[in-house]
Amino acid sequence: MKFLKTWLKNLLERALVCPLFVHTEVLKRSTVKASEKNFHLIMPHRLNWKLTSSALRSFRKLSSKNHSFTLVVNFDEIPADWEGWQWTDLTIVRNTITPLGRLFRMAFNKENGSINNALAIDRGIKAEPDFRFAFIAHSDSAPLCADWDKYFFQALGENLVIGNVRDRTRVNAAHSSGTLFRQDEFLRRGGTVWPLYQFGRMVWDVSDGITMALHPPALGPVPMLENSLYNPELGSRLRENGGMLAEFVETGTIVSFDAKCTKPIFAHMGRGTPRSQKDPAFAKRPAVDLWAEMIDGIN
């Protein structure tokens with residue numbers, strides 16, 4: 001009976017974001033030329049506009065030229081005076097609840113964070129399907145150096161997908177935030193970013209389908225950057241150097257490095273949403289505002 005209830009709950013959670021209940025609209029489109037559509041970064045927005053704004057500013061400032069950025073906003077208002085409206089390299093996509101969806105949510109409103117995240121990534125890809133490469137970045141992630149993306153491409157080589165870290169649960173896929181992949185090949189193969197459940201058990205998390213489509217298990221472990229999760233010595237080195245980043249690493253932030261393990265290039269703070277909500281479980285971790293200030297100061 002417990003499995004039946006969980007199975008039904010998962011079905012209803014997925015139904016909450018079906019086209020009947022969610023309307024997707026492109027509010028603004030990047031002006032990057034069709035001939036230059038090589039790479040776009042997809043970022044879901046969740047709750048904290050200060051965090052999202054800092055992350056996008058950082059990626060725009062530190063990325064190589066001629067990149068495009070796609071922000072996907074789930075069920076939230078976008079401030080009329082938000083700075084991103086003026087960015088010509090930014091596509092803005094918004095998901096809103098339809099009248100029928102509001103009726104459905106009156107009866108069932110148990111949202112699933114992974115499914116909502118997948119909704120944003122799916123709509124981001126569909127809004128800009130012509131790019132060759134896509135990179136997924138959560139709003140609590142950030143580049144740590146100029147031209148950070150070049151290090152990702154160097155590590156990618158001839159592969160079709162690379163992660164900043166592997167998610168060691170389930171299928172050992174590239175963790176969603178910090179995944180660079182061939183979007184055109186992913187679409188050609190009919191890949192999916194949606195979580196997969198079987199009898200109430202999560203088999204794939206959000207974006208695991210990217211790894212399964214582009215680097216199935218028969219090819220061996222999905223490529224990843226050197227990082228402080230798999231190599232704690234790298235985290236220790238950061239702690240020796242001190243600074244705000246070291247404080248975040250002490251409390252679970254994962255930092256990825258270049259191939260020589262000498263340059264930090266990307267960081268995922270982790271748990272940005274509950275930390276933004278002042279969840280007591282994260283009270284002893286550095287504040288989200290300190291993260292935003294830190295990444296705003298990187299040049």
### Message
How tilted is helix 49-62 with respect to the longest principal axis of the chain? Cα atoms for both, answer in degrees (0 to 90, nearest 10).
### Response
50 degrees
### Message
Could you report the accessible area of C18 in Å², rounded to 10, computed with a 1.4 Å probe on the protein chains as they sit in the structure?
### Response
30 Å²
### Query
For the chain, modelled as a Gaussian network with Cα springs under 10 Å, which listed residue fluctuates most, M244, M202, M106?
M106
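In Å², what does the accessible area per residue of the range 164-299 work out to with a 1.4 Å probe? Each step should come with its number before you reach the end.
Details: 6530 Å² over 136 residues.
Averaged over the residues of the range 164-299, the accessible area is 48 Å².
All other residues with a Cβ under 11 Å from the Cβ of W87 taken together, and with Lys, Arg as +1 and Asp, Glu as -1, what is their net charge?
Numbers: positive: K28, R57, R60; negative: E83, D89.
Once positives and negatives cancel, what remains is +1.
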### Task
Relative to the longest principal axis of the C-alpha atoms of the chain, give the angle of the C-alpha long axis of helix 113-127, reported between 0 and 90° and rounded to the nearest 10°.
80 degrees
### Task
Would you mind checking the radius of gyration and Dmax of the chain based on alpha-carbon positions, in Å?
18.8, 55
### Task
Counting helices only, and only those DSSP H runs with n ≥ 4, report the 222 nm mean residue ellipticity of the chain as the sum of -39,500 (n - 2.57) divided by its residues, in deg cm²/dmol to the nearest 500.
-10000 deg cm²/dmol
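What's the tally of Lys pairs in the range 13-109 whose alpha-carbon atoms lie under 19 angstrom apart, where the two lysines are 8 or more places apart or on different chains? Intermediate results must be reported in sequence, preceding the final value.
Details: K28/K37; K33/K65; K37/K61; K37/K65; K50/K61.
The number of close lysine pairs in the range 13-109 is 5.
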### Task
With just the Cα atoms of the range 1-124, tell me how far they stretch along each of the three principal axes, in Å, largest first.
55, 28, 27
### Query
Quick one: helix 2-15 against the long Cα principal axis of the chain, what's the angle to the nearest 10°, folded into 0 to 90?
80 degrees
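Ignoring ligands, DNA and RNA, please state the percent of accessible area on the chain from carbon and sulfur, probe 1.4 Å. Don't skip to the end; give the middle numbers.
Numbers: 7610 of 14160 Å².
Ligands and nucleic acids excluded, carbon and sulfur give 54 percent.
Determine the per residue accessible area of the range 77-118 with all protein chains present and a 1.4 angstrom probe, expressed in square angstrom. Before the final figure, lay out the partial values.
Values: 2300 Å² over 42 residues.
Value for the range 77-118: 55 Å² per residue.
Take each of the peptides 169-177, 208-216, average the number of other beta-carbon atoms within 10 Å over its residues, and list them starting from the highest. Write down the numbers at each step before the final one.
Working: 169-177: 20.6, 208-216: 22.6.
By packing density, highest mean first, the sequence is 208-216, 169-177.
The values are calculated or read from the model by the stated rules, or taken from the named source; none is laboratory data. Small disclaimer: the values here were computed from a predicted structure and weren't measured. With ideal geometry, Cβ positions are generated from the backbone for all residues, glycine too; neighbour counts draw on all protein chains shown. Side chains included, ligands, DNA and RNA excluded: accessible areas come from the protein's heavy atoms. Shrake-Rupley method; radii C 1.70, N 1.55, O 1.52, S 1.80 Å.
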